[in-house]
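Peer 1: Below is one structure. I have some questions about it.
None of the figures in this text is laboratory data; all of them are computed from the coordinates on show. Predicted model, so just to flag it, every value in this text is computed and none were measured. No Cβ is skipped: glycine too gets one built from the backbone with ideal geometry, and neighbour counts run over all protein chains shown.
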Amino acid sequence: MHTFFLRGNRDFLAGEGLARAARLELLPEHALVQVCGRRTLLTHGDELCTEDLAYQAFRRRVRDPDWMRAFLARPLAQRRAEIESLRSQSEAHKRGKSALMMDVSLAAVVEVLRRYGLPRLIHGHTHRQGRHEMLVDGAACERWVLPDWYSGGEVLVGDDGGLRWERLPWSG
């Protein structure tokens, strides 16, 4: 079995070393794949939360190659301390933001589907599980939002019958 890895907001520093050690194939931020016979765009989804300007500024900073190199050059204990500090700050900032601000922007979703000319987008990040139908330039499109893993919820499964939610056989 081949395992793919799409980096997100908490594991964006995962690199080729991890991929080799874990026998993973790293996917680009926007991965174009075939899912159940349909061209589909996979993305983590945090770049689609364009209303959250503070998060987008943070995202640009920590995705900068110079910042990443400098961060990874620090001793492990220092990196762990900074990560814990960033997580605490993130949780504090989220408490002051509306769910709508932290969700994906419909305009950003339409823009990315239009840019790639695709009928389907699958993403996570917001973890507001669901399937959303929309029209983009007159074409029927769908957006699937993956749930989180904390509650032992469901996964998106694709086979000859199409995409569907399937309950995990364990609970978190």
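Peer 1: Compute the Kirkwood hydrodynamic radius of region 99-147, taking the inverse of the mean of 1/r over all pairs of distinct Cα atoms, and give it in Å to one decimal.
Peer 2: So the Kirkwood estimate lands at 11.0 Å.
Peer 1: Tell me the label-point distance for the pair Asp64, Ser105, using the 7 Å Cα-to-Cβ offset, in nm and rounded to one decimal.
Peer 2: 2.1 nm
Peer 1: Please work out whether region 22-63 counts as rounded, prolate or oblate from its C-alpha gyration tensor, where a ≥ b ≥ c are the square roots of the eigenvalues and a/c under 1.5 means rounded, while otherwise a/b larger than b/c means prolate and anything else oblate?
Peer 2: oblate
Peer 1: Suppose only helical runs count, i.e. DSSP H with n ≥ 4. What mean residue ellipticity at 222 nm does that imply for the chain under -39500 (n - 2.57) per run, divided by all residues and rounded to the nearest 500 deg cm²/dmol?
Peer 2: Taking each H run of at least 4 residues, the total per residue is -10500 deg cm²/dmol.
Peer 1: Write down the percent of antiparallel bridges among all DSSP beta bridges whose residues are both part of the chain, to the nearest 5.
Peer 2: 65 percent
Peer 1: For the chain, take the longest principal axis of its alpha carbons; what is the angle in degrees between that and the long axis of helix 76-95, to the nearest 10 within 0 to 90?
Peer 2: Once rounded, one gets 50 degrees.
Peer 1: If you rank Ile83, Ile122 by fewest surrounding Cβ atoms within 10 Å, what's the result?
Peer 2: The most exposed by this proxy come first: Ile83, Ile122.
Peer 1: Between Met134 and Ala92, how high is the FRET efficiency from 1/(1 + (r/R0)^6) when r is the Cβ-Cβ distance and R₀ = 41 Å? Nearest 0.05.
Peer 2: 0.75
Peer 1: Moving on to the next point. Given +1 on the Cβ of Lys and Arg, -1 on the Cβ of Asp and Glu, and no further charges, what dipole in debye does the chain carry about its Cα centre, rounded to the nearest 20?
Peer 2: Around 380 debye, computed over the chain.
Peer 1: Quote the relative contact order of the chain in percent (integer), defining contacts as alpha-carbon pairs under 8 Å separated by 6+ residues.
Peer 2: Here the relative contact order equals 19 percent.
Peer 1: Please rank Met102, Met68, fewest neighbouring Cβ atoms within 10 Å first, as an exposure proxy.
Peer 2: Met68, Met102
Peer 1: Could you give P(r) for the chain, binned at 10 Å from zero, as whole percent values over all Cα-Cα pairs?
Peer 2: 8, 31, 38, 19, 3, 0
Peer 1: Taking 25 Å as R0, compute the FRET efficiency from the Cβ-Cβ separation of Thr50 and Arg23 and round it to 0.05.
Peer 2: 0.10
Peer 1: Order these by the 10 Å Cβ neighbour count, fewest first: Thr40, Thr3.
Peer 2: If I rank by nearby Cβ atoms, fewest first, I get Thr3, Thr40.
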